[in-house]
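Here's the structure, in structure tokens; my notes come after.
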Amino acid sequence: MNVHKRFQLIKEVGEEIVTKEDLMKLLGEKKKFIAYDGFEPSGRIHLAQGVLRAINVNKMIKAGAKFKMLVADWHAWANNKLSGDLKKIKVAGKYFIEVWKACGMNLENVEFIWASDLLNNRNYWKTVMQVARSATLKRILRTTQIMGRSEKEILQASHIIYPCMQAADIFHLKADVCQLGMDQRKVNVLAREIGEKIGYWKPIIVSHHMLMGLQQPATTEKDAVERAIDMKMSKSKPDTAIFMTDSQEEINRKMNKAWCPNTIKENPVLEYCKYIIFEKFDNIEIKRPDKFGGNLTIKSYNELEELYSNNKIHPLDLKKTVAFYINELIDPVRKHFEKNKAAKKLKEQVESYEVTR
């Protein structure tokens, strides 16, 4: 695959790339590069974290990435996830990995690294301190959205350490590319700003799209910030997302309640089609009564969008169709957790935990 094709594949992942010029240069210099993402093990895993994450990771690998996935157990502890119980956090981390095994992530090219394993390295803590010394308190506070928190919340001192650790992670994982969600861009930009000043490099940022929650979208800028935080914290608000082991009945119920206006803009049901369903299926069939034209076979998202915008598809028919295909994607994951005894035990443990914000 030539540089242009590799770039186009990464562009499919990145809603924002900082910078495209730097990425092209990297691809020209390296056939293989290191990309990194991290996740807080903090409860059940939803569709965006599961299937969508696997789609994006696999595209990055195809473009030449060796993927390092940081299991951010200490970060979750600092952020008071699962009541700050580090043992429960580690169980949740193992549960996430089991989900990715079952939903098609190319794990041959993914290395899982536990944050707690970095902590015995004195150079790591030196880098954390260098980050802290190179940024003002105000600058660090502006990154609190990465933790699912707003600047106006009463924060613990650990919430100040967290962004400094996350920036240090990038350099100690030797990441050429930070491939996280748009909600993480502020700390990635911080690392890019100070990297060369503290003896490292400017990491390239490829920020993927954050899937909308199923509720009605925000109407003001203030609401938008809160909605973004709510989506990140969807484990504590289960009706905002579909989880990777939801039953078919639960998927149908959530999708039936989902916000699905007659417009294309800010329509979470259409987002599920664009970013997940048409990534996994060549075409979809929308079942409709004969009096409304009968069933429709749709071969691309653009075709779906055109039909929907011209009122050729009823929102209820669309929601029923999306529920069907999501269930098809999730069914292998459910079966994995039913048949694999170790995975089943992890799932039961995680589902017994009280999720804390």
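The table for this structure:
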read-out	value
Meets criteria (modelled with pLDDT under 50 and in a helix (DSSP H, G or I)) for Ala191	no
Considering residues of the stretch 2-49 that are of a type in the set (Val, Ile, Thr) and more than 27 Å from Trp100 (Cα to Cα) only, the residue surrounded by the fewest Cβ atoms within 10 Å (Cβ to Cβ)	Thr19
Some residue of the stretch 277-297 being crowded, with 19+ Cβ neighbours inside 10 Å, closer than 20 Å to Ala54 by Cα and either modelled with pLDDT of 95 or more or in contact with a strand residue (DSSP E or B) (Cβ under 9 Å, 6 or more places away or on another chain) (or both)	yes
Residues satisfying the stated conditions in the stretch 46-73, i.e. modelled with pLDDT under 95 and charged (D, E, K, R)	Asp73
Any hit, the stretch 97-104, residues being surrounded by fewer than 17 Cβ atoms within 10 Å (Cβ to Cβ) and assigned by TED's automatic domain parsing to the domain that holds Leu180	yes
Flag for Ile330 being surrounded by 14 or more Cβ atoms within 10 Å (Cβ to Cβ), outside the structural domain of Lys101 (by TED's automatic domain parsing) and in a loop (DSSP other than H, G, I, E, B)	no
Lys68 being out of contact with any helix residue (DSSP H, G or I) (no Cβ under 8 Å at 6 or more places or on another chain) and either under 24 Å from Tyr124 (Cβ atoms) or assigned to a helix (DSSP H, G or I) (or both)	yes
Positions within the stretch 166-188 being part of a helix (DSSP H, G or I) and either in contact with a strand residue (DSSP E or B) (Cβ under 8 Å, 6 or more places away or on another chain) or more than 28 Å from Ile55 (Cβ to Cβ) (or both), in sequence order	Gln166, Ala168, Asp169, Ile170, Met182, Gln184, Arg185, Asn188
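The values are calculated or read from the model by the stated rules, or taken from the named source; none is laboratory data. Note that the structure is predicted; figures quoted are calculated from it, not measured. Positions of Cβ are backbone-derived with ideal geometry, glycine not excepted, and every protein chain shown enters the neighbour counts.
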